[in-house]
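Accompanying notes for the structure given below.
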């Protein structure tokens, strides 16, 4: 059976505008040249002693204790994105974000949805080049995972 794959441009980061009752999610061009999501699990470790041989090295019992997600995005700076990201960085509030594996659900298409804090927003540039930017977003609570209807 051949492997199912998709082009990198099919991974989309969409940031919500916070509007009610219907929030609109938009792609910011500045952060969609290179992008990704990392799901992580924290653990708690407990040494399990060998009661038959107390001097033996113990095995570790490891239990998951928490989950988190980190989103990264980077690219050519769209200067119209600067006010949005600068305000989000200094705000104590998180924003709704969706990361979409934009292929049909039957082919593995997935939507990760949750609240995220913006924790890093560097802008770089050099003589003869264009300004670049990147962002790092960290989850603020649960991230839901659903199949992409498209």
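Here are the numbers for this structure:
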| quantity | calculated |
| --- | --- |
| Pick from region 23-33, criterion touching a residue at least 60 places away in the same chain (Cβ under 8 Å) and out of contact with any helix residue (DSSP H, G or I) (no Cβ under 8 Å at 6 or more places or on another chain), ranking: nearest to residue 131 (Cα to Cα) | 25 |
| Selected residue (only one of 53, 45 is surrounded by fewer than 16 Cβ atoms within 10 Å (Cβ to Cβ), more than 11 Å from residue 135 (Cβ to Cβ), touching a strand residue (DSSP E or B) at 6+ places or on another chain (Cβ under 7 Å) and free of Cβ contacts under 8 Å to residues at least 24 places away in the same chain) | 45 |
| Residue that is modelled with pLDDT of 95 or more and part of a loop (DSSP other than H, G, I, E, B), where the choices are 150, 114, 141 | 141 |
| Residue in region 72-80 that is touching a strand residue (DSSP E or B) at 6+ places or on another chain (Cβ under 6 Å), under 17 Å from residue 138 (Cα atoms) and assigned to a loop (DSSP other than H, G, I, E, B) present | no |
| Residue in region 100-112 that is touching a strand residue (DSSP E or B) at 6+ places or on another chain (Cβ under 6 Å), touching a residue at least 40 places away in the same chain (Cβ under 8 Å) and within 17 Å of residue 140 (Cα to Cα) present | yes |
| Hits in region 5-30 (condition: more than 14 Å from residue 100 (Cα to Cα) and either loosely packed, with under 11 Cβ neighbours inside 10 Å or under 18 Å from the mean Cα position of the chain (by Cα) (or both)) | 5, 17, 18, 19, 20, 21, 22, 24, 29, 30 |
| Conditions (1) exposed (fewer than 10 other Cβ atoms within 10 Å of the Cβ); (2) in contact with a strand residue (DSSP E or B) (Cβ under 9 Å, 6 or more places away or on another chain); (3) closer than 22 Å to residue 122 by Cβ; number of the one not met by residue 83 | (2) |
| Region 93-110 - residue that is modelled with pLDDT of 95 or more and more than 11 Å from the chain's Cα centre (by Cα) and, of those, surrounded by the fewest Cβ atoms within 10 Å (Cβ to Cβ) | 93 |
| Residue list for region 126-138, restricted to those being out of contact with any helix residue (DSSP H, G or I) (no Cβ under 9 Å at 6 or more places or on another chain), outside any strand (DSSP E or B) and touching a residue at least 40 places away in the same chain (Cβ under 8 Å) | 130 |
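The values are calculated or read from the model by the stated rules, or taken from the named source; none is laboratory data. Bear in mind that the values here come from a model prediction, so they are computed numbers and not experimental data. Backbone-built Cβ (ideal geometry, glycine too); neighbour counts: all protein chains shown.
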